[in-house]
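The values are calculated or read from the model by the stated rules, or taken from the named source; none is laboratory data. Here the structure is a predicted model, which is why all the values come from computation and not from measurement. Ideal geometry is used to build each Cβ from the backbone, glycine not excepted, and the neighbour counts take in all protein chains shown. With ligands, DNA and RNA removed, areas are computed over all heavy atoms of the protein, side chains included. Shrake-Rupley method; radii C 1.70, N 1.55, O 1.52, S 1.80 Å.
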Amino acid sequence: SEQQTIDEQAIKIELDSKHILHGDLTLPSNSIGLVLFAHGSGSSRLSPRNKYVAQQLNQARIGTFLLDLLTEDEEIEDNKTRKLRFNISFLSDRLSQVTDWLCQNNEHVKKLPLGFFGASTGGAAAIITGGVKQQRRTKAIVSRGGRPDLVPQEQLNQLTVPTLLIVGGADTDVIKMNKEAYSLMTQLKDDDKQKCLKLIPDATHLFEEEGALEQVSKLATQWFKENFQQT
């Protein structure tokens with residue numbers, strides 16, 4: 001197979017003078033799509049679990065953008081108050097603003113179909129951003145140990161973007177939340193193509209068990225690949 005080159009760059013996103021964010025954009029040659037990562041509460045773009053999943057996507061010719069959703073000042077404030085990390089409408093607005101910024105400022109990104117990957121509370125932000133705010137550009141959404149129960153019910157009812165929910169088989173409360181949210185995604189067929197709920201046997205909330213994250217990566221890669229190639 002031809003040698004694949006991968007272009008990596010650190011990106012500074014200036015939404016305005018007070019709101020500056022940092023992200024890491026990785027684009028393999030001939031990328032078939034780009035996945036934006038929404039990290040979970042109290043995490044960052046440097047989350048080793050998301051970085052691992054991103055690397056697996058890159059090997060499948062899928063570009064990735066890992067970003068910090070909070071500015072440095074917001075991060076300091078949130079470490080004290082813990083308010084922003086659970087403010088899903090704030091996080092999804094921010095993720096959508098960054099998506100617009102990236103599409104406007106990067107020639108390569110502009111042409112690519114988009115996907116969103118969210119962990120924990122980032123799973124809810126990924127569903128709202130990909131499924132509502134950026135619906136026209138978005139081809140697929142994946143939530144890992146996510147909190148889709150934090151998405152307003154009417155938005156779950158309206159969701160038409162193919163959505164994969166991955167949950168640890170031992171993450172009992174989160175399984176229940178995901179099953180409820182899944183049943184509210186009434187526009188999507190329960191056919192493993194439009195929507196799918198996968199449990200990773202014995203895995204807990206952070207998927208730290210041996211082999212658990214590999215399974216997450218495989219499922220996510222397959223989901224994005226199938227949906228990007230239909231464009």
For the chain, what is the per residue volume of the convex hull drawn over the alpha-carbon atoms, in cubic angstrom?
119
Just to confirm my numbers, what's the Cα centroid distance between the range 165-231 and the range 11-87 in Å?
20
Working out 0.36 nm times the residue gap between residue 75 and residue 90, then minus their Cα-Cα distance, what length gain in nm do you get to one decimal?
4.0 nm
Under 21 Å Cα-Cα from residue 80, which lysines qualify once same-chain neighbours fewer than 8 residues away are excluded?
18
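Of the heavy-atom accessible surface of the chain (probe 1.4 angstrom), what whole percent is carbon and sulfur?
On the way: 5010 of 11150 Å².
Carbon plus sulfur share of accessible area: 45 percent.
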Taking Cα pairs closer than 8 Å and at least 6 residues apart, the relative contact order of the range 6-229 in percent is 17
Spin-label point model (7 Å from Cα, Cβ direction): what's the residue 83 to residue 202 distance in nm?
4.4
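Could you order peptides 115-124, 19-28, 205-214, 129-138 by the average number of other Cβ atoms within 10 Å of their residues, highest first?
Working: 115-124: 29.1, 19-28: 18.5, 205-214: 16.2, 129-138: 20.5.
Most protected by this proxy first, the peptides run 115-124, 129-138, 19-28, 205-214.
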Please list 3J(HN,Hα) in residue order for the range 101-107, calculated via the Karplus relation 6.51 cos²θ - 1.76 cosθ + 1.60 where θ = phi - 60°; whole Hz, with x for glycine and proline.
4, 5, 5, 7, 9, 9, 4
Residue-wise, which Karplus ³J(HN,Hα) couplings in Hz belong to the range 137-153, taking 6.51 cos²θ - 1.76 cosθ + 1.60, θ = phi - 60°, and x for glycine or proline?
8, 8, 9, 6, 10, 10, 10, 10, x, x, 10, x, 5, 7, 7, x, 4
By a straight-distance test (C-alpha under 17 Å), which lysines pair with residue 111 as possible cross-link partners, with residues fewer than eight away in the same chain excluded?
139, 225
Of all DSSP beta bridges in the chain, what percent run antiparallel (nearest 5)?
35
Residues meeting the amide H criterion for residue 200 (H placed from the backbone, H to H distance under 5 Å, 5 or more places apart or on another chain) are 167, 168, 169
Can you give me the pair-distance distribution of the range 1-116, C-alpha pairs, 10 Å bins, whole percents?
13, 46, 30, 9, 1, 0
Just the number please: accessible area per residue for the chain, 1.4 Å probe, all protein chains included, in Å².
48
Mind checking the full-extension length gain between residue 209 and residue 189? Use 0.36 nm per residue of separation minus the Cα-Cα distance, one decimal, nm.
4.1 nm
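Mean residue ellipticity at 222 nm from the helices of the chain, using -39,500 (n - 2.57) per DSSP H segment of n ≥ 4 over the full residue count, to the nearest 500 deg cm²/dmol? Walk me through the intermediate numbers first.
Working: 8 runs with 88 residues, N = 231.
Result for the chain: -11500 deg cm²/dmol, rounded to the nearest 500.
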Quick one: Debye curve from the alpha-carbon atoms of the range 52-151 only, equal weights, vacuum; give me log10 I(q)/I(0) at q = 0.12, 0.16, 0.22, 0.23 Å⁻¹ to two decimals.
-0.40, -0.70, -1.24, -1.32
How do 142-155, 82-95 rank on mean C-beta neighbours within 10 Å, highest first?
142-155, 82-95
